[in-house]
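A short write-up of the structure that comes next.
The values are calculated or read from the model by the stated rules, or taken from the named source; none is laboratory data. What you see is a predicted model, and the numbers here were worked out from it, not measured in a lab. Please note: Cβ atoms are built from the backbone with ideal geometry, for glycine as well, and neighbour counts cover all protein chains shown. To get the accessible areas, we keep the full protein, side chains included, count just its heavy atoms, and leave off ligands, DNA and RNA. Shrake-Rupley method; radii C 1.70, N 1.55, O 1.52, S 1.80 Å.
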Amino acid sequence: MAISEAQLETWSHQGSQVQSASTYKSIRDVLNDPGSPYYKWMYRIFLQGSYGNDTNIYADSDVDVVICLTEVYYGDVSHLSDEEKARYNANRSPGTIGFKEFKAHVLAWLTKKFGSGVTAGKKAIFIPGDRNRRDADVLVCVANKMFISYPATGEPAFYEGVCFWTSDEEKIVNYPRQHLDNCTAKNGASASRFKPSIRILKNMRNAMIEQGYINAGLAPSYFLEGMLSNVPTQQFVNSHQQTFENYMDWLQACSVGDLTCANGIHYLVRDGQSVCWNLSDFNTFRASAMRFYNRG
């Protein structure tokens, strides 16, 4: 027997926004303090993850905050011809600050303001919560431009994203603005059924972990959002049960290698790439979700 419509409706609801909003404001205010050692450089601060995308559920805890240095950018010219690369290099000028220096300044400032509990993880800086504030992760990054063309006349074409380096020196490039914009557009085109479907799937994922269907970490929320972003909007209908069955049937028949992340730039399923879901985990989740749903 399938999971009931009533249970899916409960899972579709958005988690609390009040404490996450106050958490974001308190951290943003500290990051944007004119007394910080990096204030003279240009940067922007924004939410990402489930709270930024309005797909948070009640079980979500950490608030994901991004501070992105925009004073400089890192360029990806791998898609350019040799002639275009030469033009790009001729126009380059050295930056006044780089990623490591910027991150060191941010870490020192957050530690000064929030105390010794602030720690630098593999990707982000962790800020422990208190009575009035949730735990938070602050991702420090720098603007990144992936150039598609660099003509002799006219403006170059590029995708603008962010990049950062992990503690073991792996460079990661992502496109949070495109992710957010595409999810918002998808939700509008589907009569506001897309984001509730994500919340249902995230709650289902958590229940599957609790009941031993899958291991924790096998299906990150970022990849679940990306998976559903590929599903045609007409598959999101008024019934939660029918919507789940529609998109699972579609995903079973689709060409997996053509699926993209919600940003529309990275492929969703590729082995050996940190910004992609590996094929084994994707297939395991897809099959396990159907088993879990049909068991009810």
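Among the conditions (1) in contact with a Phe, Trp or Tyr (Cβ under 7 Å, 6 or more places away or on another chain); (2) within 28 Å of G272 (Cα to Cα), D181 misses just one, which is (1). With respect to the conditions (1) more than 21 Å from G154 (Cα to Cα); (2) open to solvent by 50 Å² or more (accessible area, probe 1.4 Å), N56 lacks only one, and its number is (2). Residues considered: T96, T70, T111. Of these, the only one that is among the hydroxyl-bearing types (S, T, Y), in a strand (DSSP E or B) and surrounded by fewer than 18 Cβ atoms within 10 Å (Cβ to Cβ) is T70. Restricting the range 73-89 to residues that are part of a loop (DSSP other than H, G, I, E, B) and small (G, A, S), the residue that is nearest to K100 (Cα to Cα) is S78. Of all the listed residues (A185, A120, A157, A152), the sole one being touching an Asp or Glu at 6+ places or on another chain (Cβ under 9 Å), of a type in the set (A, V, I, L, M) and either closer than 27 Å to A289 by Cβ or surrounded by fewer than 22 Cβ atoms within 10 Å (Cβ to Cβ) (or both) is A152. Could you go through the range 196-204 and let me know if any residue there is open to solvent by less than 30 Å² (accessible area, probe 1.4 Å), hydroxyl-bearing (S, T, Y) and part of a helix (DSSP H, G or I). Scanning the range 196-204, I find at least one residue that is open to solvent by less than 30 Å² (accessible area, probe 1.4 Å), hydroxyl-bearing (S, T, Y) and part of a helix (DSSP H, G or I), so the answer is yes.
Hey, does the range 80-94 have a residue that's touching a Leu at 6+ places or on another chain (Cβ under 9 Å) and among the aromatic types (F, W, Y)? Scanning the range 80-94, I find at least one residue that is touching a Leu at 6+ places or on another chain (Cβ under 9 Å) and among the aromatic types (F, W, Y), so the answer is yes.
Just one of (1) modelled with pLDDT of 95 or more; (2) over 19 Å from Y24 (Cα atoms); (3) more than 16 Å from the chain's Cα centre (by Cα) fails for N89. It is (1). The criterion of at least 1 residues that are open to solvent by less than 60 Å² (accessible area, probe 1.4 Å) and of a type in the set (K, R) is met by the following helices (runs of 4 or more DSSP H) wholly inside the range 214-296: 279-295.
Report yes if F147 is open to solvent by 50 Å² or more (accessible area, probe 1.4 Å) and within 22 Å of the chain's Cα centre (by Cα), otherwise no.
no
Scanning the range 1-34 for residues that are under 21 Å from I198 (Cβ atoms) and at pLDDT 95 or above turns up I3, S4, E5, A6, Q7, L8, E9, T10, W11, S12. Of the residues that sit in the range 160-178 and are open to solvent by less than 20 Å² (accessible area, probe 1.4 Å) and either out of contact with any strand residue (DSSP E or B) (no Cβ under 8 Å at 6 or more places or on another chain) or not in a strand (DSSP E or B) (or both), which one is farthest from N91 (Cα to Cα)? It comes out as T166. For the range 35-45, state whether one or more residues are modelled with pLDDT of 90 or more, closer than 15 Å to K195 by Cβ and either part of a helix (DSSP H, G or I) or open to solvent by less than 40 Å² (accessible area, probe 1.4 Å) (or both). No, there is no match, as no residue in the range 35-45 is modelled with pLDDT of 90 or more, closer than 15 Å to K195 by Cβ and either part of a helix (DSSP H, G or I) or open to solvent by less than 40 Å² (accessible area, probe 1.4 Å) (or both).
Scanning the range 231-244 for residues that are free of Cβ contacts under 8 Å to residues at least 40 places away in the same chain and either closer than 23 Å to R295 by Cβ or touching a Phe, Trp or Tyr at 6+ places or on another chain (Cβ under 9 Å) (or both) yields V231, P232, Q235, Q242. Restricting T184, T119, T166, T153 to those that are under 22 Å from Y247 (Cα atoms) and among the hydroxyl-bearing types (S, T, Y) reduces the list to T184.
State whether the residues of the range 221-230 include one that is free of Cβ contacts under 8 Å to residues at least 24 places away in the same chain and not aromatic (F, W, Y). Looking for residues that are free of Cβ contacts under 8 Å to residues at least 24 places away in the same chain and not aromatic (F, W, Y), one finds none in the range 221-230, hence no.
Considering the conditions (1) in contact with a Pro (Cβ under 7 Å, 6 or more places away or on another chain); (2) farther than 24 Å from V77 by Cα; (3) at pLDDT 95 or above, Y150 is excluded by exactly one of them, (2).
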